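Single-structure report; data block below.
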Amino acid sequence: MDTPIRHNTDWRFSTLTSWLAATGACAYYADSFLNLTILLGINVCILPLLLYVIKHPNKHVLPMAGCYFLLILCLLPFTSTSLVFIHLVMFTAVFSPHFALSRFVMAILGAMLVYGACHYDTWQGDIPWLMFIVWFFFCVTNWFISRKIVESLNMHYQSRQNYKELQATQQMMSAMSAKQERRAISRELHDSLGHKLTALSVNLDFAKRTAPTDLQTMLINCHQISQDVLEEVRDIVSTQREDKALLKEVIESICALTPNLKAHINIDKDSAYMSQDSTLCVIRFCQEMLSNTLKHTHATEITFNVTLEEQHTMLSAEAFHNQPETVLPKPGNGLTGLAERVAQFNGHFTQAIENQVLINTINLPLCQSNHSHANAEVIQ
């Protein structure tokens, strides 16, 4: 397959219009009831095939193309109208992204040869070469135009998806910045105000035990108020430290932009303590894996696993799809750039094939200070 179709444009209306035109022409020019019945039967068989190809443009391409071409050849002996070549034009349009021009030229010449052989007697030896030449160039031109249209739509779809991915990443980064700021404020509350309130509570507790009877009631109330304020500070700190799973949310939002690819996302709950740079690196890794899977495979599912290993000092992220692979892909600009990005953080990117499954992995060492701080938060 030359160029997989990635856009989701609806071609049903134009395809049904062309099919109705070809079917009507064949029926109108049928010279007998038997031929009419055969022609209508073949055209009825073509319709569900076309609808399937429109709905699933990248599935079973070779069998669908073969069946459609054979049905076109079956039409040729039963009609003398050259309008049957509308199906040949539709054939070149539908499958233009998937096959090279040389294959279409062979198919067009084969169809014309069958058509000429079936109707040679009716022309009394005078072959309408002009008609064949016109239809040949019309089909070839249609191949070029259809292929360019699909490529343009694919580029538009990819640019729109990249824009949405960029928006999702920006939203995640701003949310992460806000989250880190909230955590910084909660730490200040805990370290300064929390400690002072604790000291105040201890002093008030001691004072109420040694104070005269007439002051004990007031000191008990003050001690209770200090305890309530300290509890509120702890609640605020705990609320600001809740894990909101921002990494998983942004990966899910990116995967939602690729409806033709079902994503399974498994992320370690402790990934909330990753730094902003590490999180962005994981997001870029997932984006590159999605892009490569859509461009170079026919996979329908992809899995992402993100874990923290070696006592939270090493980040590991892996991705694999459900299409069997036997050869490692040649690194392009995307994979090379990803490897360079990971190398900037002293990590490495690897690819391996295990049981015909292509596994892409990044291993990224995490800042020790971040982990010591994360562990301190967990202890608190």
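The values are calculated or read from the model by the stated rules, or taken from the named source; none is laboratory data. Note that the structure is a prediction, hence the values are computed from the model and not measured. Every residue, glycine among them, receives a Cβ derived from its backbone with ideal geometry; neighbour counts consider all protein chains shown. Keep in mind that these areas ignore ligands, DNA and RNA; they rest on the heavy atoms of the full protein, side chains included. Shrake-Rupley method; radii C 1.70, N 1.55, O 1.52, S 1.80 Å.
Of all the residues that make up the range 158-176, how many are more than 19 Å from Ala256 (Cα to Cα) and either modelled with pLDDT of 90 or more or open to solvent by 50 Å² or more (accessible area, probe 1.4 Å) (or both)?
Residues meeting the conditions: 1.
Check off (1) closer than 21 Å to Val114 by Cβ; (2) open to solvent by 70 Å² or more (accessible area, probe 1.4 Å); (3) at pLDDT 90 or above; (4) not aliphatic (A, V, I, L, M) for Pro48 and give me the number that stays unchecked.
Evaluating Pro48 over (1) closer than 21 Å to Val114 by Cβ; (2) open to solvent by 70 Å² or more (accessible area, probe 1.4 Å); (3) at pLDDT 90 or above; (4) not aliphatic (A, V, I, L, M) leaves (1) as the failure.
I'd like to check something: does the range 277-296 contain any residue that is acidic (Asp, Glu), farther than 25 Å from Tyr157 by Cβ and in contact (Cβ under 8 Å) with a residue 40 or more places away in the chain?
Within the range 277-296, one or more residues are acidic (Asp, Glu), farther than 25 Å from Tyr157 by Cβ and in contact (Cβ under 8 Å) with a residue 40 or more places away in the chain.
Identify all residues within the range 76-85 that are open to solvent by 40 Å² or more (accessible area, probe 1.4 Å) and either without any contact (Cβ under 8 Å) to a residue 12 or more places away in the chain or part of a helix (DSSP H, G or I) (or both); write none if there are none.
Pro77, Phe78, Leu83
May I ask you to say which residue of His98, His56, His60 is farther than 20 Å from Gly24 by Cα and either crowded, with 16+ Cβ neighbours inside 10 Å or modelled with pLDDT of 90 or more (or both)? Quick ask: steps written out before the conclusion?
Numbers: His56 fails: either crowded, with 16+ Cβ neighbours inside 10 Å or modelled with pLDDT of 90 or more (or both); His60 fails: either crowded, with 16+ Cβ neighbours inside 10 Å or modelled with pLDDT of 90 or more (or both).
Checking each option against the conditions leaves just His98.
Name the residue that is farthest from Thr81 (Cα to Cα), counting only residues in the range 3-43 that are within 35 Å of the chain's Cα centre (by Cα) and surrounded by fewer than 11 Cβ atoms within 10 Å (Cβ to Cβ).
It comes out as Asn8.
Return a yes/no flag: does the range 266-278 have any residue that is modelled with pLDDT of 80 or more and hydrophobic (A, V, I, L, M, F, W, C). Talk me through it step by step, then tell me what you get.
Step one: list which residues in the range 266-278 are modelled with pLDDT of 80 or more, which gives 266-268, 278.
Next cut, hydrophobic (A, V, I, L, M, F, W, C) only: 267.
Yes, there is a match, as at least one residue in the range 266-278 is modelled with pLDDT of 80 or more and hydrophobic (A, V, I, L, M, F, W, C).
Name the single residue that is modelled with the lowest pLDDT among those in the range 312-343 being among the hydrophobic types (A, V, I, L, M, F, W, C) and over 22 Å from Val357 (Cβ atoms). Please lay out each step first, then the result.
Taking the range 312-343 first, the residues among the hydrophobic types (A, V, I, L, M, F, W, C) are 314-315, 317, 319-320, 327-328, 335, 338-339, 342-343.
With over 22 Å from Val357 (Cβ atoms) added as a condition, the list becomes 314, 343.
Numbers: Met314: 84, Ala343: 89.
Per the stated criteria, the residue is Met314.
Are any residues in the range 121-152 in contact with a His (Cβ under 8 Å, 6 or more places away or on another chain) and modelled with pLDDT under 85, and if so, which ones?
Taking the range 121-152 first, the residues in contact with a His (Cβ under 8 Å, 6 or more places away or on another chain) are 150.
Hits for the range 121-152: nothing passes.
Could you list all residues from the range 121-144 that are among the β-branched types (Val, Ile, Thr) and surrounded by 13 or more Cβ atoms within 10 Å (Cβ to Cβ)? Outline the logic, then answer.
Initially, the range 121-144 is screened for residues among the β-branched types (Val, Ile, Thr), giving 122, 127, 133-134, 140-141.
Of everything in the range 121-144, those that are among the β-branched types (Val, Ile, Thr) and surrounded by 13 or more Cβ atoms within 10 Å (Cβ to Cβ) turn out to be Val134, Val140.
Collect the residues in the range 14-59 that are free of Cβ contacts under 8 Å to residues at least 12 places away in the same chain and not in a helix (DSSP H, G or I), keeping them in residue-number order.
Within the range 14-59, Ser32, His56 qualify.
Run Lys179 past the list (1) surrounded by 14 or more Cβ atoms within 10 Å (Cβ to Cβ); (2) within 23 Å of the chain's Cα centre (by Cα); (3) within 25 Å of Ser316 (Cα to Cα); (4) modelled with pLDDT under 75 and report the number of the one that doesn't hold.
Evaluating Lys179 over (1) surrounded by 14 or more Cβ atoms within 10 Å (Cβ to Cβ); (2) within 23 Å of the chain's Cα centre (by Cα); (3) within 25 Å of Ser316 (Cα to Cα); (4) modelled with pLDDT under 75 leaves (2) as the failure.
Which residue out of Met155, Met106, Met112 is more than 30 Å from Cys281 (Cα to Cα), of a type outside the set (Gly, Ala, Ser) and either within 33 Å of the chain's Cα centre (by Cα) or open to solvent by 30 Å² or more (accessible area, probe 1.4 Å) (or both)? Give the derivation first.
Working: Met155 fails: more than 30 Å from Cys281 (Cα to Cα); Met112 fails: either within 33 Å of the chain's Cα centre (by Cα) or open to solvent by 30 Å² or more (accessible area, probe 1.4 Å) (or both).
Being more than 30 Å from Cys281 (Cα to Cα), of a type outside the set (Gly, Ala, Ser) and either within 33 Å of the chain's Cα centre (by Cα) or open to solvent by 30 Å² or more (accessible area, probe 1.4 Å) (or both) holds for just one of Met155, Met106, Met112, which is Met106.
Taking Cys118 as the residue in question, decide whether it is open to solvent by 40 Å² or more (accessible area, probe 1.4 Å) and at pLDDT 90 or above.
Against the criterion (open to solvent by 40 Å² or more (accessible area, probe 1.4 Å) and at pLDDT 90 or above), Cys118 does not qualify.
Out of the range 183-208, which residues are modelled with pLDDT under 70 and under 30 Å from Cys286 (Cα atoms)?
If the condition is that a residue be modelled with pLDDT under 70 and under 30 Å from Cys286 (Cα atoms), then Arg183 is the only one that fits.
Could you check the range 111-136 and list, in sequence order, the residues that are in contact with a helix residue (DSSP H, G or I) (Cβ under 8 Å, 6 or more places away or on another chain) and either within 19 Å of Thr92 (Cβ to Cβ) or part of a helix (DSSP H, G or I) (or both)?
Once the filter is applied, which keeps residues that are in contact with a helix residue (DSSP H, G or I) (Cβ under 8 Å, 6 or more places away or on another chain) and either within 19 Å of Thr92 (Cβ to Cβ) or part of a helix (DSSP H, G or I) (or both), the range 111-136 yields Ala111, Met112, Val114, Tyr115, Gly116, Cys118, Met131, Phe132, Trp135, Phe136.
Test each condition in (1) at pLDDT 85 or above; (2) closer than 17 Å to Gly347 by Cα for Glu309 and report the one that comes out false.
Condition not satisfied by Glu309: (1).
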